[in-house]
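Please read the structure below before turning to the comments.
What follows is calculated from the coordinates using simple rules that are stated; it is not laboratory data. Just so it is clear, the model here is predicted, and its values are computed rather than measured. Cβ atoms come from the backbone with ideal geometry, glycine included; neighbour counts cover every protein chain shown.
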């Protein structure tokens, strides 16, 4: 029996990769077709496969690493260096060991006669459909350098946008964590000492202090049950989120959240416009571009909206009309798509539109932080004030 590595596509356009033993390549082809998969690349594995798999452990490749790779490769190719030498040189400078392993494997396969596009298809977790489509268009059309430059710009912009959204959540998460730490410190260090003092208190405690201590005692004596209940709720929420109905519900709640939902939508529209412009500019067909765009997000409602837009285009409608009928995209994006279609410059217009929505994301992020900051400060102050009042009211009553 021989061992083969394969890359194949299912009817939904998802890339599947794996390893399987078969007596011949024809037998493997028959197996893949029986699984309703379309083979893209099949390579026989020479040597011990178990040793090969333990060479390098998978590590996610960041957008900024892909952008650097594309910039360096385009520069070296335009300077006259061969693609194998260029990839090998870049691999020697990569800090991510998995990405270094991938690039060296690609250089070896290209040297043996495999095309650059087929090499990229073998690593869908690293490069993705968008990269495969643009590289294939560039390699087929003889403009690989230009395609790589477009990819580099795309990855840089995507990394910038992701950092903006994550940065918007960093401050609230820090303050919430700070609140949790304050509550833990108060409940484990401060309140127990006052509780011992109150037990020796001869007079009657104020009603506010009695109520506070009753709540505190209830939490302390039932902390195990509270933690179990909280863990159960989290586990139930995660399990529900993995179901189709639960995932769609969470996606809907995300988009309907005040301000944050608009940030998610505007960030998606910005990335949608930028990616669409990049794909069209690289020579990818519109229908293929929309298939790739649908895999750009994990939000099922956004993904469904892109696929519905594509279906309307298949029916013969233009892009702007399809986007408008779906009801997902904001008016400016629809209008700009119409202008791009009428002027024959859809790629450049979409890229300009993405810049507009990136500014919208910046504005919404600033607005959300401006609203959250006083709310979080008041929350911290309120918690501390309640504890101080509950602890010091008995002392004030003794001094009266």
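The per residue volume of the convex hull around the alpha-carbon atoms of region 166-322 is 158 Å³. Counting beta carbons within 10 Å around each of 160, 16 and listing the fewest first gives the order 160, 16.
Between residue 143 and residue 19, the simple spin-label model (points 7 angstrom out along Cα→Cβ) gives 4.0 nm.
When you restrict to C-alpha pairs under 8 Å that are six or more residues apart and normalise by the size of the chain, the relative contact order lands at 14 percent. Sort the chain into rounded, prolate or oblate with this rule: let a ≥ b ≥ c be the square roots of the eigenvalues of the Cα gyration tensor; rounded if a/c is under 1.5, and if a/c is not under 1.5, prolate when a/b is larger than b/c, oblate otherwise. Prolate.
Length gained on full extension, residue 348 to residue 243, computed as 0.36 nm times the residue gap minus the Cα-Cα distance: 33.9 nm.
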